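Below is one structure, written out as structure tokens; comments come after it.
The values are calculated or read from the model by the stated rules, or taken from the named source; none is laboratory data. Everything numeric in this text was worked out from a predicted model, so none of it was measured. In this analysis, Cβ positions are derived from the backbone assuming ideal geometry, glycine residues included, and neighbour counts consider all displayed protein chains.
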Amino acid sequence: MLPGVAIDSASMSVDGNTLLRLTELTVDFASQEGTVHAVNRVSFDVAAGELVGLVGESGCGKSVTANAIIGLTGMVPNAAVSGAIDFLGKDLLTLPEPELRAIRGRDISMIFQDPVTSLNPVLSIERLMTEGLEVHLGLSHGDAVKRSIELLGEVGIPKAANRIKDYPHQFSGGMRQRVMIAIALSCNPKLLLADEPTTALDVTIQAQILRLLKSLSREHEAAVIVITHDLGVVAGMCQRILVMYAGRIVESGPAKPLFARPHHPYTIGLLKSVPRLNEPRADSLQTIMGLPPDLAHLPPGCAFAPRCFLATDECWAAGPELEPTDEGRMSACFHRDQLRAGETEAVA
Ligand SMILES: Nc1ncnc2c1ncn2[C@@H]1O[C@H](COP(=O)(O)OP(=O)(O)OP(=O)(O)O)[C@@H](O)[C@H]1O
Ligand SMILES: [Mg+2]
């Protein structure tokens, strides 16, 4: 268990109200080094209003997964995308671009890591905020301005009516990220993809933004996929966690039991690298030894085996599939039963 962070215990189970279903999503990029297997048969569901954390080290395929959901990967010339992304009964991978454009920004919106580069600096906050409201919701400019001011108030921008003519550079980093959230929520999306939404911010502001995102997603009844390399970020916010490694989901399940007893050695490693309140010294943090594999030259066995304290001969020979362990939980590890029984804690 992570002593430094609160776990969201509300609504741990996924109801039957599925909003998004990824089935065997696979994204390959052609490159000079060979085919980069960025996302490899990734399947998961997100229920309406659910808060899901997608976690893993740099380069494991988190952003490529999010970009595929919002339809950006298909535009990359060297990308080959397969599988299915079902959003409310429509496969986003086969949807014609005009229909996809209507969904993007309205039903599905995205918050990017860096509010400095993701807010166009030459447009005023008014222009940035009203465009979506006018295009997607058909509001008149006057109504769009009124709604924008309300939204800016909701995300905690003081004196919003006086700030709406300002430009992004006139706001601090934290305030810019609040504006991004206001824009992302403006058309009442059913799904919000938050790709490293707080990485560029200092720790105090990070916590404020995460709290804001969580409460607003509840008010707006939006499901959120929070993408981060830091398990600490999603621990206090998300109901369910998807752990990604080398393009695959290696563990998934409700947050509380997953943090209490991971069923994959990689999750154990990620947990050990999260700062804890009772261990304030940075040098007490552990990192996972070694590096993730080259996605153009994946090993034949489990991609985590070279870094794993539990690896045995079978792990080097073949890759384990993602299979159920406990209720609602899955793990892609040959040693999942041992981990489930807590037999490995002394070694971990
Ligand atoms: N257009 C592309 N051509 C070739 N490889 C690509 C392309 N886009 C992404 N990749 C590769 O796909 C892999 C997954 O990248 P992705 O951006 O999804 O990682 P990530 O998990 O979001 O990492 P980070 O935490 O650093 O943001 C990386 O190895 C990346 O280099
Ligand atoms: Mg990324």
* Asked: Exactly one of (1) away from ligand 1 (no atom under 15 Å from the Cβ); (2) in contact with a helix residue (DSSP H, G or I) (Cβ under 9 Å, 6 or more places away or on another chain); (3) free of Cβ contacts under 8 Å to residues at least 40 places away in the same chain is unmet by Gly89. Its number?
  -> (2)
* Structure fact -> The number of residues in segment 14-50 that are within 16 Å of ligand 1 (Cβ to nearest atom), among the polar types (S, T, N, Q) and touching a Lys or Arg at 6+ places or on another chain (Cβ under 9 Å) is 2
* When residues of segment 56-77 are limited to those that are of a type in the set (Gly, Ala, Ser) and surrounded by fewer than 23 Cβ atoms within 10 Å (Cβ to Cβ), the one farthest from ligand 1 (Cβ to nearest atom) -> Gly71
* Keeping to segment 35-88, report how many residues are modelled with pLDDT of 95 or more, of a type in the set (D, E, K, R) and either farther than 21 Å from Ile241 by Cβ or within 16 Å of ligand 2 (Cβ to nearest atom) (or both). => 2
* Return the residue satisfying two criteria in turn: it lies in segment 169-210 and is under 24 Å from Ala47 (Cα atoms), within 16 Å of ligand 1 (Cβ to nearest atom) and surrounded by fewer than 23 Cβ atoms within 10 Å (Cβ to Cβ), and of such residues it is modelled with the highest pLDDT. => Asp195
* Asked: Can you tell me which residues in segment 134-158 are assigned to a helix (DSSP H, G or I), in contact (Cβ under 8 Å) with a residue 24 or more places away in the chain and closer than 26 Å to Lys214 by Cβ?
  -> His136, Leu137, Arg147, Ser148, Leu151, Leu152, Glu154
* Asked: Among the residues of segment 206-265, which ones are within 23 Å of Cys333 (Cβ to Cβ), within 15 Å of the chain's Cα centre (by Cα) and among the small types (Gly, Ala, Ser)?
  -> Gly232, Ala235, Gly247, Ser252, Gly253, Ala255
* Glu97 is checked against (1) more than 16 Å from ligand 1 (Cβ to nearest atom); (2) modelled with pLDDT of 95 or more and fails just one. What number does that condition carry? -> (2)
* Determine whether segment 217-227 contains at least one residue that is buried (at least 21 other Cβ atoms within 10 Å of the Cβ), at pLDDT below 90 and more than 16 Å from ligand 1 (Cβ to nearest atom). => yes
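Please work out if Ala102 is within 16 Å of ligand 2 (Cβ to nearest atom) and out of contact with any Ser or Thr (no Cβ under 9 Å at 6 or more places or on another chain).
For Ala102, the condition - within 16 Å of ligand 2 (Cβ to nearest atom) and out of contact with any Ser or Thr (no Cβ under 9 Å at 6 or more places or on another chain) - is not met.
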* Can you find a residue in segment 170-177 that is in a loop (DSSP other than H, G, I, E, B) and closer than 23 Å to Ile70 by Cα? -> no
